[in-house]
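Novice: One structure is given below, represented as C-alpha cells, and several questions about it will come after.
All of the numbers you see were taken from the coordinates with simple rules; none came from a lab. Computed from a prediction, not measured in an experiment: that's the story for all the values here. Because the Cβ atoms are built from the backbone with ideal geometry, glycine has one as well, and the counts that use them run over all protein chains shown.
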C-alpha cells in the first residue's frame with residue numbers, strides 16, 4: 001500500500017519535473033565545484049611555486065655574495081627567516097657533499113628519511129620540481145625545486161603542501177556544507193514551483209471531473225499571467241461554451257423535430273387508416289401519395305433544422321466564393337417566374353450594379369429565394385413584387401418589396417424566431433422556418449437582414465452583405 005502511494009505521488013508531473021530539474025542541477029553543481037576546485041588548487045600551487053622562486057632568488061643572492069656562511073647567518077637568527085618553518089633548504093657542492101641543511105622540527109618528524117629522498121635531485125635538470133613523501137606516505141607533502149648556482153653549488157628548496165591541502169580540504173567541507181541544504185531546499189522549491197506553474201492544469205483536471213457530473217456551466221479560472229497556460233485555459237473555456245451551445249442546440253432541435261413531425265405523421269396515419277377501412281384502390285393510392293408528401297416535408301424540415309443548428313454552433317463549414325450580386329438575382333427571378341405567373345403577380349427586377357459579394361453562394365441564393373417566395377406567397381393577386389440590388393456604404397444591398405398584407409407591428413420582432421408563425425400566416429403551408437433560416441444564412445456570411453412593414457400595404461426586406 002505504501003509503495004503504491006509513493007508510486008502514485010511520484011507519477012505526478014510536478015514531481016517528475018522536480019526530479020528532471022535535480023538531474024540537471026546536481027551535475028551542474030558538481031561540474032561547477034570541480035571547475036572552482038581545480039582553479040583554486042592551481043592558484044594555490046602557483047602561489048607556492050612563486051614563493052619558492054622568491055626564496056630561491058633571495059638565498060641565491062646571499063650565497064653568491066657571502067657563500068655558505070651567509071646562509072648559516074640568516075638561519076641562525078629567527079627574525080631573519082620569518083615564515084621559513086614551512087620551508088626546507090639543502091645546499092650541496094658540485095661533488096654532492098651537503099654544505100647546509102635546514103628543516104623545521106615538525107617537518108623533521110614527518111620526513112625521517114628526507115635526505116635519502118633528496119638524492120633524486122642530482123639526477124634532475126636545473127629548475128625541475130619534484131615531491132617528497134612523508135614517512136606515512138602522504139604524497140605531495142613537500143614540493144621541492146632544485147637549482148644550480150653559478151659557482152657549481154646545488155640549492156634544493158622545498159615547501160610543505162600542508163597549508164594548501166588544508167585549504168582544499170576546507171573548500172571541500174564548504175562545498176558539502178552548502179550542497180546538502182541547497183539540495184534539500186532545491187527539492188522543496190522545485191516541487192513548489194512545479195505545482196504552482198501546473199495549478200492551471202490541475203484546475204482543468206478538477207473542472208473536467210465536474211463536467212463529467214453533467215454541469216456544463218462550469219468554467220476554468222484564467223491564470224494571472226498571459227502565457228501558454230492562459231491560452232490553453234481560454235481555449236478550453238471557449239470549447240466548453242461551444243460544446244454547451246451545441247448540446248443546447250441539439251436539445252432544441254430534438255424538441256422542435258419531435259413537436260413538428262407529429263402533425264404530418266398523424267395526417268399520414270389518418271389518411272392511411274381511412275383508406276384501409278374504405279378498401280378503395282383509389283383512396284389507397286391517394287393515401288400513399290399523401291404519406292410520401294408528408295414524409296418529404298418531414299425530411300425537408302429535419303434537414304433545415306440541422307443546417308440551422310450547425311450554423312448556430314459553428315460546426316457547419318461555409319463554402320465562400322466571389323460572385324456577382326446580379327447573377328444571383330437573375331437565378332432566383334427565373335426560378336420563381338412561373339410561380340408568380342400562377343398568382344398573376346409581376347416580378348420587377350431593378351439590378352444594374354456590378355457588386356461582387358464574397359459569401360457562400362448557395363446560402364445567399366436560398367435566403368433570397370425564401371424571401372422572394374414569401375413575397376409572392378403573401379402578395380395580393382394582380383400586384384407587383386420588386387427585387388433590387390445596389391451598393392450602399394461598401395455593402396451590397398438586396399431589397400425585396402411586396403404589396404401584400406404586411407406584418408403586424410407586434411409580430412415583427414418575432415418573425416425571425418424558429419417555428420414562429422403569425423396569425424395571418426397560419427393558413428399557408430410551412431413550418432415557420434423560412435425567415436429564421438434566412439437570418440442564420442445571412443448572419444453566418446457576416447451580413448444583416450432587416451424588414452420594414454406596414455400592415456395592409458406590404459413589406460420591404462433588406463439583405464446587406466459586405467462586398468469583396
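Novice: Could you work out how far apart the two model spin labels at residue 24 and residue 182 are, taking each label as a point 7 Å from the Cα in the direction of the beta carbon, and quote it in nm?
Specialist: Distance between the two pseudo-spin positions: 1.7 nm.
Novice: What relative contact order, as a whole-number percentage, does region 320-466 give when Cα pairs under 8 Å and 6 or more residues apart are counted?
Specialist: 25 percent
Novice: Could you calculate the FRET efficiency of residue 296 with residue 391 from 1/(1 + (r/R0)^6), where r is the beta carbon distance between them and R0 is 56 Å, rounded to 0.05?
Specialist: After rounding, the FRET efficiency stands at 0.90.
Novice: So, one more: Quick check: the distance between the Cα centres of region 272-290 and region 323-360, to the nearest angstrom?
Specialist: Region 272-290 and region 323-360 have Cα centres separated by 41 Å.
Novice: Follow-up question, since we're still on this one. Which three semi-axes in whole Å describe the equivalent ellipsoid of region 320-466, each the square root of 5 times a Cα gyration tensor eigenvalue, listed largest first?
Specialist: 23, 18, 13
Novice: For a footprinting-style exposure proxy, rank 218, 153, 30 by other Cβ within 10 Å, fewest first.
Specialist: By the 10 Å Cβ count, ascending: 30, 218, 153.
Novice: Between residue 245 and residue 198, with labels modelled 7 Å along Cα→Cβ, what's the label distance in nm to one decimal, could you check?
Specialist: Roughly 3.4 nm, to one decimal.
Novice: What order do you get for 146, 450, 233 when you list them from fewest to most C-beta neighbours inside 10 Å?
Specialist: 450, 233, 146
Novice: Based only on other Cβ atoms within 10 Å, what is the fewest-to-most ordering of 465, 17?
Specialist: The most exposed by this proxy come first: 17, 465.
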